[in-house]
Amino acid sequence: MSAVASEFGRSWRLVAGSSLGIAIGVSSLYFYSLGIFVKPMAAEFGWGRGAASLGALVGTAGAALMAIPVGRLVDRVGSLKVAVGSLCVLALGFVALGALTSSLPTFLAVTAVVSLLSAGSTPLPYTRLIVGAFQQQRGMALGVTLAGTGVGALGIPTLLTPFVSNHGWRNGYFVLAAVIAGCLPLMAWLISSAPQDGVERIASPPSPEFVRNDTFRLLALIFFLVSIAILGGVVHFVPMLTDWGLSPAKAGAIAGLIGVTTIGGRLLVGALLDRVPPLAVTAGVFLIVAGGLATLDLGGSAYAILGALVLGLAIGAENHELHTDLPLITFYDHH
């Protein structure tokens, strides 16, 4: 048996559990449902589109603020404990959003609390586990694991958009909480039952060392700008399509295509990163994405499918490279 096959054979439960955890985490369930709730909430409370979109800004800011603290907490107590606790908070947060939202301030307050306390349900704890367990084909293992967000991107708009249209946005939040509650025990069992030798062996370098590094700062700026473009595109994709006259069901079905290329992008980029320099992969993918988004902007609804496909490709590449580009710091420091 080859070393690669042996790695996957030994750690398949870890990969499956991590992928499931990412699929029900804040980077999937919350992120890909944001746009579905914008128009119905704005219509009920009389918010403008910009005000309704503040939830995405608050949620993203909260997750960003908690990235380093979550990393340190994972170092201290372990990935699984952080992930399970954060998913429980996220489920309760969805219930709170559905039950307590009565105005823009309450919506933003609940969103802020949820984003801060559920930040451990991002891919960070899971990718740490994968990096520790895989050596030969780490890129492919990360690709399969991070494809969990693609599952969310495919299923959430397709199923949740018509549900919210028929049953209301509050019930939509309750359904998201139920999804987490139903999947969490299986995720925890898969990861806890996987062999743990070496899984947590990757030590996180001290954060000040990274912050002082010029290449790290450049990478942080790049991913910040890319994330703004991707977040804006995903959050406003379904509202944009319905503004162009598509039905909620049709808009949700097209938005579900984002998940198809997110999964494909995860696997493709994962395979490429095992063979091609990350800089070349990143530049090539984002040039394609930029061209596709420009076409969507100029061509309107006729290019909605293309827009969904390139957004999914961007997500598949951006998040994957975020977890694999740190070696570039060392590369550039020595060249």
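One table, with the values for the structure above:
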read-out: Accessible area in square angstrom per residue, the chain, 1.4 angstrom probe; value: 43
read-out: GNM flexibility winner over the chain from 224, 31, 134 (Cα, springs under 10 Å); value: 224
read-out: Of 144, 226, 131, the one that fluctuates the most in a GNM where the chain has Cα springs shorter than 10 Å; value: 226
read-out: Whole-Å distance, taken between Cα centres, linking the range 25-45 and the range 231-257; value: 12
read-out: Between 0 and 90°, nearest 10: helix 124-133 axis offset from the chain longest Cα axis; value: 30
read-out: Degrees separating the helix 248-273 axis from the principal Cα axis of the chain, which is the longest one; value: 10
read-out: Reported label for calculated P(r) over Cα pairs in 10 Å bins from 0, in percent given [x] 6, 21, 21, 12, 10, 10, 9, 7, 3, 1, 0; [y] 5, 23, 35, 28, 8, 1, 0; [z] 6, 26, 36, 24, 8, 1, 0; value: [z]
read-out: Average silhouette area of the range 1-96, convex hull of alpha-carbon atoms, in square nanometres; value: 8.2
read-out: Cα centre as origin, Lys/Arg/Asp/Glu Cβ charges: the range 8-86 dipole, Debye; value: 260
read-out: Degrees, to the nearest 10: 148-167 long Cα axis against longest axis of the chain; value: 10
read-out: Protein accessible area in the range 61-139, 1.4 Å probe - carbon and sulfur %; value: 72
read-out: Most fluctuating residue given options 313, 54, 225, as computed from a GNM of the chain linking Cα atoms under 10 Å; value: 225
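The values are calculated or read from the model by the stated rules, or taken from the named source; none is laboratory data. Small disclaimer: the values here were computed from a predicted structure and weren't measured. Quick reminder, even Gly has a Cβ in these numbers, built from the backbone with ideal geometry, and neighbours come from all protein chains shown. Side chains included, ligands, DNA and RNA excluded: accessible areas come from the protein's heavy atoms. Shrake-Rupley method; radii C 1.70, N 1.55, O 1.52, S 1.80 Å.
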